[in-house]
Amino acid sequence: MEYLDGKNLQKKFLTEIKEFVSLLGIKPVLAIISIGENKANTIFFKQIKKMTEFVGYEIEYYHYEDISLNTLLELINKLNKVPKITSIMIELPIPKHLPLQKVRNTILPTKDIEGMNDKNKIKLKNGEGGYLPNTVLGTIMLLENYAINICKKNVVIINRSETIGIPLAQYFLKQDCTVTVCHSQTSNLEDYIKNADIVVTATGKPHFLSDKQFKENSTIIDIGINYLNGNLCGDVALSDEQNSKIKYFAKSIGGVGPMTITALAYSILKSYYITKEDIDNDKS
């Protein structure tokens, strides 16, 4: 079994971005809005902060224990109008009293680096640009940089969300794959898994799957980030790494995780150029 090492790839890509950013007169600025307390988000923010400091981005952090919808929308509209802020992201989850899609749609599509604004989703669906969710882009980058042949493969995705499952399904379909979208409540899930060349799992359930369930020479992408006995772990439990039937395995921690941060770095740079182009057009 070969591990797909996201950490080494991250170093390579972020070093390239750092060199590029050093040539920019005005640096990209990321605004992050966080509401409430979430242990996973605290870790994620530390990783983002470390990345932005390394490559040379600036970051503005807006944290609230709670916030009203009107106040939140006013904040986003304010950030939309600030030229130096080139990208905006909302840390999830947000409190249930806040309508998530309305919040996302308030972010300017050009600054929506998570690709969750409805206009961005339509662009992606129509092949007209837009932003891929960073976990999805990071997964694609990982597969491509290991030159894993995915064309015409049988793919099972255990996630049906708009941030992971649906955009990944669209990506694999464009590679002429046969795609089945499942979830943690799918009946007879093992029947789907045992015939899959590629399995992508993001159930949010620790050790929900065992490596013994997978097809021989399969590629497994574990995106799940969970806590088990106080420790971070993925969806997949490895029982016998030496004799595993898996050919390629990407852990959520050390595999897809670092590449999600790397994808975010690329999206911030992309937003910088799109936003700068809009500003320059306004001046002309």
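Please determine whether any residue of the range 38-56 is open to solvent by less than 70 Å² (accessible area, probe 1.4 Å) and farther than 28 Å from Glu16 by Cα.
Yes.
Which ones in the range 262-284 are at pLDDT 95 or above and of a type in the set (Val, Ile, Thr)?
Thr262, Ile268, listed by residue number.
Answer yes or no as to whether Leu209 is in contact with a helix residue (DSSP H, G or I) (Cβ under 6 Å, 6 or more places away or on another chain), of a type in the set (A, V, I, L, M, F, W, C) and either free of Cβ contacts under 8 Å to residues at least 24 places away in the same chain or more than 30 Å from Gly127 (Cβ to Cβ) (or both).
No.
Would you check if Ile113 is more than 23 Å from Glu37 (Cβ to Cβ) and either free of Cβ contacts under 8 Å to residues at least 12 places away in the same chain or open to solvent by less than 10 Å² (accessible area, probe 1.4 Å) (or both)?
Spelling it out, Ile113 is indeed more than 23 Å from Glu37 (Cβ to Cβ) and either free of Cβ contacts under 8 Å to residues at least 12 places away in the same chain or open to solvent by less than 10 Å² (accessible area, probe 1.4 Å) (or both).
Starting from the range 12-41, take each residue that is aromatic (Phe, Trp, Tyr) and list its partners that are buried (at least 20 other Cβ atoms within 10 Å of the Cβ) and modelled with pLDDT of 95 or more, counting only C-beta distances under 6 angstrom and pairs at least six apart or across chains.
Phe13/Thr262
Among the residues of the range 130-173, how many are open to solvent by 40 Å² or more (accessible area, probe 1.4 Å) and without any contact (Cβ under 8 Å) to a residue 40 or more places away in the chain?
Adding up the residues that qualify gives 8.
From the list Ile90, Ile122, exactly one residue is under 19 Å from the mean Cα position of the chain (by Cα), surrounded by 21 or more Cβ atoms within 10 Å (Cβ to Cβ) and modelled with pLDDT under 95. Which is it?
From the options Ile90, Ile122, the qualifying one is Ile90.
The values are calculated or read from the model by the stated rules, or taken from the named source; none is laboratory data. Nothing here was measured: the structure is a model prediction, and the numbers come from that model. So basically every Cβ, Gly included, is an ideal-geometry build from the backbone, and we count neighbours across all protein chains shown. For the accessible areas, the whole protein counts, side chains as well, though only heavy atoms, and no ligand, DNA or RNA atoms are used. Shrake-Rupley method; radii C 1.70, N 1.55, O 1.52, S 1.80 Å.
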